[in-house]
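What follows is calculated from the coordinates using simple rules that are stated; it is not laboratory data. Note that the structure is predicted; figures quoted are calculated from it, not measured. FYI the Cβ positions are ideal-geometry reconstructions off the backbone, even for glycines, and counts take in every protein chain you see.
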Amino acid sequence: MVPILNKLQILWYEKRIGNHQTKHDFLQSFLPIRIQELNTKKDQKLHHLSLKKSHTILPYEIKANIKSDYWQTVYEYETKKIETKYYWRLRALTQAMKRKQNKSDHWSVEEPKHLQKIQELEQKKQTELAKVKAKFVVNPSDLNKEAYASNNEAIERAYQDQLAQIETKYQNKIEQFSNRANNIIAKHKERLDYYHRKLKIAEQEKAIYPMDENVVLKLDNLSMHFGGLKAVDQLSFEVKEGEIFGLIGPNGAGKTTVFNCITRFYRPTGGLMYFRNNLGEVVRLNDIVVHDIIKEGIVRTFQNVEMIWELNVIENLLVAAHTSYRSTFFGQLFNSRLLRQEEVVMRLKATKILEDLDLSAYAYVYPYGLPYGILKKIELARTLMVNPKLIILDEPAAGLNDAETENLAETIRKIQKEYNATIFLVEHDMGLVMNICDTVCAVSFGKKLAIGTPKDIQGSKVVREAYLGGE
Amino acid sequence: MTYKTEMKQLRKHRWDTIKHHPYFGFLIIVFLMFAVQLIRLLGVDVPVAVLRAFGSTMIFTIIALGFSILLGYGGLASLGTAGFVGLGSYFVVYFTNQLEFSIFLTIVAVLIVAVVLGTVVGFISLRIEGMYLAIITLGLSEILNEVFKRATALTGGTTGEGIDGIIFFKNLIAVDHNTVFIFISIVLFIIMLLTMNIMKSPTGRALLAMRNSSSAAQAMGVSIFRYRLLAFIISTVYAMLAGVLYMTYWSFTIPSTWSLGFSLNILAAVIVGGSQSIYGIILGTFMIFGLDLAVFKQIQFFVDNPAITIVLNGVLIIVVIMFYPGGLIRLVQTLGVKLKLWFQKLKKKWRDYYYGSDIE
């Protein structure tokens, strides 16, 4: 009974931590965005206010011949508008004339009518132009500076009042919002600390497995038998923290089977697997279900890219963050606030990862039809969505050309360095393996041949025999 | 520029944000469905068949939406839809005639039963896939159908059973098609919103991942068990809810309606419309269930030769599937693009005619 209670307790604490973490992250990323939003809104309002002021003061300004340059440009703009309007009308009339000229038998009778129409149009244009001129251009005899002076003062005062009002209003808004947000952030942080402490206490009761301090993954006599075939036979090795570990071997040596055992797609016939997860505790992988492996911090890619073709690249990345979502099904059904906040946090994270891997150009592109090298890189980006401790790559360079392989090697090193992830890969491209791996393990027919630095493996006689055959 | 032009732009911008809101299209669709009723209220003589066509399109769209989550998102085939819809309708019969419960209480009861049934079918789907799953669900549907026929005390047997009205709160109210039309359109609107939310949420993405590759989905933390169950539960809930609405609209149910043919029709509606688009599904459902009543039955030639309508409908479906495997929605999209280009061309032609060409 006690272990189950302990497990439930831990689950509950983890859920609470997730919820608080999401809200905390969301608010922290949302606070500057909101402040900027408010500021732009304020600027817009001020802009409109100034426009409105100039609109009200316009007639007096013209009469007083103030800012004549500005009003001259406006006048020109208005005139041009009228002129283009009448240009098109005239063109339509002449076109109609041409059309009728070809058809009509009595053109000499009809022509004066058309000419008169054109004249009328010209008159209309002139009257409109005169109206605009009367509005914007003032006669020297009509100059009236006193009216401007008296009105300007009142208008300016009202404008300043409104301006101050808007300024204070938005200042208050920003202050209030940031205060509230900071309070909530602090509260969430407090709760987070509390639950982390509680979680630590609860976890002390969990079973502890022996493993060295700097080791991430440990296989202990792993065996996998398919009927009579021993795909993996008594294999044991250790993967150290932060290194790039390569597993090599001829075709059919059981490399992918090892991967499938670690990620629990296969149930191993014998042997134990231990893993140090994100929280620093050691778990036995044999006890974990296949879809919970990712929660411990192990992510894998597949030999042939497995994209979701109906979704664009950034949404493909969000699928990988599936386990990080805390909102329940009903929350998603009703598009709850928590979900919306989580979506913002996740999207920001995905955009950052895409930027890091030089993929931001493809963020809103559908993956169908993209080059193979890009798809492989997107798959790599997808693994980073869950802050992985161990990334398992199944033949990352398969089907890539030399330039793409070079790029991939660079990307893998970058991931290892910047995301503090241990990388475990199976590869046939010896150039890549010898180039990037810190430790290489060679297997043949499910058995370990040699383990060591790339140089050791290159010099090993056993390995050469396995690849090229005995003498 | 000046104050006035700037304000004009701002108003335009506001309207644009409303126009492009994801829910705006649903509102338009429900309004269009409802417009048929409004026209009738204005005094224009709309044939009853057209009204019925729109009513049944709305009801069956709900089933098809559930089915699209199952097939288009989950990648699971099922032919058991008819049985669940029938069960929903018989629940209304039993609850109204014998227990005299309110319709809202009936809906709650139906939802609970649907969740249980969906879980059962979901459990079956864990071990079986593809065509075999379709056949198993077909068997389940046939069992239900046989129960409708044999359990005469509850269902009225092969001759069917009707209700005299709906109990909204306390009293039995005679069914009025107009009020029910409002009720159904509101429910349809809500269902469309919820479906949209599911499709855009992590759940929808997880379902799509499962459909593309179950092993990759598992590696990304999607529990196949959970999401298969969920897909079946959603589709069953939608189907049984549609059964309740069917009863409120038609007030009569008979076992022969809920046969294999109905399930196949729903499947056809989803495939023809486009299995991942809400608008496509509405179009597909209208094509399968409403086209005959709303269009063909209004033309004298087709009324005289009813056999031709069936052939024509079949030919239409074949043509759509052959040239637009993505469904009617693809057809509409390509047509839209083409129409836009054609319109631009026409505009230029008119311009040359009216103003004269620039080159001259």
Task: Karplus-derived 3J(HN,Hα), 6.51/-1.76/1.60, for each residue of the range A:293-298, Hz, glycine and proline x - done: 4, 5, 5, 6, x, 9
Task: Dipole in debye (nearest 20) - the range A:372-471, about Cα centre, beta carbon charges: Lys, Arg +1; Asp, Glu -1 - done: 360 debye
Open item on the list: Which one, B:204, B:113, B:77, projects farthest toward the positive side of the charge dipole computed for the range B:48-294 from Cβ point charges (K/R +1, D/E -1)?
Closed with: B:204
- [ ] Could you size up the charge dipole of the protein assembly as shown around its Cα centre, putting +1 on the beta carbon of Lys and Arg and -1 on that of Asp and Glu, and report it in debye to the nearest 20?
- [x] 2240 debye
Task: Cleavage-rule hits (chymotrypsin sites (Phe, Trp or Tyr not before Pro)) in the range A:233-336: DSSP loop, at most 15 neighbouring Cβ within 10 angstrom - done: A:309, A:334
Task: Under 26 Å from the Cα of residue A:135 - lysines, other chains or at least 8 residues apart - done: A:52, A:53, A:63, A:67, A:80, A:81, A:85, A:124, A:125, A:145, B:4, B:8
Task: For residue A:264, residues with placed amide H under 5 Å, excluding near neighbours - done: none
Task: Other-chain or far-sequence residues with amide H under 5 Å of residue A:209's (modelled H) - done: A:282
Open item on the list: Nothing charged except the Cβ atoms of Lys and Arg (+1) and of Asp and Glu (-1): what's the magnitude of the dipole of the range A:209-353 about its Cα centre? Round to the nearest 20 debye.
Closed with: 300 debye
Open item on the list: Taking the 0 to 90 degree range and rounding to the nearest ten, how far is the long axis of helix B:177-200 tilted relative to the main principal axis of chain B, both from C-alpha atoms?
Closed with: 80 degrees
Task: DSSP-assigned coil residues among trypsin sites (Lys or Arg not before Pro) in the range B:208-284, each with at most 15 further Cβ atoms within 10 Å - done: none
- [ ] Could you work out how far helix A:337-356 tilts from the main Cα principal axis of chain A, as a 0 to 90 degree angle to the nearest 10?
- [x] 80 degrees
Open item on the list: Compute the orientation-averaged projected area for the protein assembly as shown from the convex hull of its Cα atoms and round it to one decimal in nm².
Closed with: 56.4 nm²
- [ ] Work out from phi, with θ = phi - 60° and the Karplus expression 6.51 cos²θ - 1.76 cosθ + 1.60, the ³J(HN,Hα) of each residue of the range B:99-104, listed in order in whole Hz, and give x for Gly and Pro.
- [x] 8, 6, 9, 5, 5, 5
Open item on the list: Along the Cα→Cβ direction, 7 angstrom out, place labels at residue A:85 and residue A:398. What is the inter-label distance in nm?
Closed with: 7.0 nm
Open item on the list: Name the residue from A:9, A:51, A:425 whose Cα lies farthest towards the positive end of the charge dipole of chain A, charges +1 on Cβ of Lys and Arg and -1 on Cβ of Asp and Glu.
Closed with: A:51
Task: B:330, A:267 arranged by Cβ crowding within 10 Å, fewest neighbours leading - done: A:267, B:330
- [ ] Just need the Rg to Rh number for chain A, please, alpha carbons only, Kirkwood Rh.
- [x] 1.26
Task: In Hz, Karplus ³J(HN,Hα) per residue of the range A:189-204 (6.51, -1.76, 1.60; θ = phi - 60°; x = Gly, Pro) - done: 5, 4, 5, 4, 4, 4, 5, 4, 4, 4, 4, 4, 5, 5, 6, 4
Open item on the list: As I understand it, the value is the acute angle between the Cα axis of helix A:372-383 and the longest principal axis of the Cα atoms of chain A; what does it come to in degrees, rounded to 10?
Closed with: 80 degrees
- [ ] Show the residues, 5+ positions off or on another chain, whose built amide H is closer than 5 Å to the amide H of residue A:444.
- [x] A:449
- [ ] Run the quick spin-label model on residue B:5 and residue B:116: label points 7 Å from Cα toward the beta carbon, then report their separation in nm to one decimal.
- [x] 7.0 nm
- [ ] Calculate, in nm to one decimal, what residue A:340 and residue A:45 gain on full extension: separation in residues at 0.36 nm each, minus their alpha carbon distance.
- [x] 103.4 nm
Task: Exposure proxy ranking, count of Cβ atoms within 10 Å, fewest first, for B:101, B:168 - done: B:168, B:101
